[in-house]
Amino acid sequence: MVSNRNVSMRVRPIIAVLLFLAPSLLRAMDVSWPARFGNWTSFSEPAQESAAVAVPDESASSLLQESGVLGTSARTYRNRDRFVGLRLYTFRDSSGAYEAYTLLRALAAVTNIPNVVVVKSNLVLWIHGIEPPPDDRKALESWMQANSDQVSSPPVPSYLPEKGLEEFSERYALGPVGFREAANSLGRASFGTLTGQVGFSSGAEAAFARYKNGSEEAVLLLIDYPTPQLAELHLHHLQSAISANAEWAGTSLDRKGSLLSIVLGTSSTAYANRLRSAVNYETQVTWNEPRQTATDPPITSILVKIIIGTGVFMVLAVVLGIAFGGVRVITKRFFPGKVFDRPEQMEVLQLGLSGKPIDPRDFY
């Protein structure tokens with residue numbers, strides 16, 4: 001028989017988790033769909049769906065869970081005899097949304113019907129059935145921006161070079177699931193076993209992309225860390241793991257600041273070096289030390305003021321010293337033994353080596 005106390009202890013953590021997630025879940029479900037956009041008018045009521053049902057590829061549902069999907073909502077719009085379906089994914093943050101965006105965009109690219117995937121902060125919108133005109137798409141993006149948390153997408157994918165980049169090959173990973181899925185989709189499935197060495201628990205973010213230039217091809221992997229120290233630590237872990245596997249021979253690694261760049265399965269070392277040198281990442285140093293500006297007084301004026309101030313303090317010290325000593329001397333001359341050096345207030349320590357007592361007045 002289970003006591004009420006034991007039930008209470010088990011239920012409390014669940015209640016705490018639900019209270020923590022409740023605001024996010026309410027935001028996910030509280031999507032104010034527009035009645036129309038452009039020439040398209042709403043044809044159906046919003047339908048709330050679970051994350052598993054809303055994923056076109058069931059194998060990708062675990063990646064959406066890693067991305068922090070909170071919920072989805074779908075709606076159909078009509079323009080005369082044409083229909084378009086919209087499916088909105090809501091995530092905890094913009095990083096999770098971008099991870100899912102790169103996956104959904106890759107899935108949309110291989111379908112036989114027109115599909116467009118748009119990301120705005122923590123929202124991802126899948127438009128299936130048509131490719132909307134620029135004005136209609138702009139209206140949808142404005143609606144998404146107004147309903148999102150308005151936090152910018154992660155900067156790591158922007159570091160990827162543009163020259164030679166294969167379309168729809170970019171992938172962003174926040175965790176082991178996204179990392180393995182990206183490596184597998186780009187034909188480098190064996191590198192998916194390096195999730196432990198990458199260090200996602202340390203805040204790592206990864207971006208993949210495939211490049212091709214004539215007969216040369218490679219997959220570039222960028223891993224960004226919160227600090228250069230963490231990047232250096234995981235660089236050694238990755239180097240040890242890669243050097244121990246003969247299958248990964250020729251894989252080159254490099255670190256710049258907190259960013260690691262790794263070229264997987266390149267066709268030539270020269271091409272790998274060109275890819276790494278084209279990475280759009282520059283370290284920045286902020287100088288916080290005080291410096292002289294055009295509005296500061298000249299150094300000569302500062303030195304003159306310092307000398308004058310020092311001289312004033314020296315004159316004051318001399319004047320005060322003379323005043324203090326002069327008052328004491330004058331007082332002793334005109335009032336001997338009355339103010340200073342009164343015999344009854346003076347004491348002298350005696351060792352008693354002679355029988356003659358010491359008179360303190362003998363010292364003055």
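Some values worked out for this structure:
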{"quantity": "Cα-based reach from residue 212 at 19 Å (exclusive), listing lysines while leaving out same-chain residues under 8 positions away", "calculated": "163"}
{"quantity": "Gyration tensor verdict on the stretch 156-277 (Cα atoms; rounded if a/c is under 1.5, prolate if a/b is larger than b/c, oblate otherwise)", "calculated": "rounded"}
{"quantity": "Residue 327 paired with residue 299, simple spin-label distance in nm, labels 7 Å along Cα-to-beta-carbon", "calculated": "4.4 nm"}
{"quantity": "Value of relative contact order over the stretch 156-277, rounded to a whole percent, pairs C-alpha under 8 Å and six or more apart", "calculated": "23 percent"}
{"quantity": "Backbone HN-Hα couplings from phi across the stretch 315-324 [Karplus 6.51/-1.76/1.60, Hz, Gly and Pro as x]", "calculated": "4, 4, 5, 5, 4, 5, x, 5, 4, 5"}
{"quantity": "Nearest-20 debye value, the stretch 68-129 charge dipole, Cβ charges on Lys, Arg, Asp, Glu", "calculated": "260 debye"}
{"quantity": "In nm, spacing of pseudo-spin labels at residue 138 and residue 62 (7 Å Cα→C-beta vector)", "calculated": "4.3 nm"}
{"quantity": "Peptides ranked, highest mean first, by Cβ atoms within 10 Å: ranges 94-101, 251-258", "calculated": "94-101, 251-258"}
{"quantity": "Whether the stretch 81-127 is rounded, prolate or oblate, judged on the alpha carbon gyration tensor where a/c under 1.5 counts as rounded", "calculated": "oblate"}
{"quantity": "Spatially proximal lysines relative to residue 138 (Cα-Cα < 19 Å; intrachain offsets below 8 disregarded)", "calculated": "120"}
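Just so you know, all these numbers are worked out from the coordinates, no wet-lab data involved. None of the values given here were measured: they were computed from a predicted structure. For neighbour counting, all protein chains shown are included, and Cβ atoms are generated from backbone atoms with ideal geometry for every residue, glycine included.
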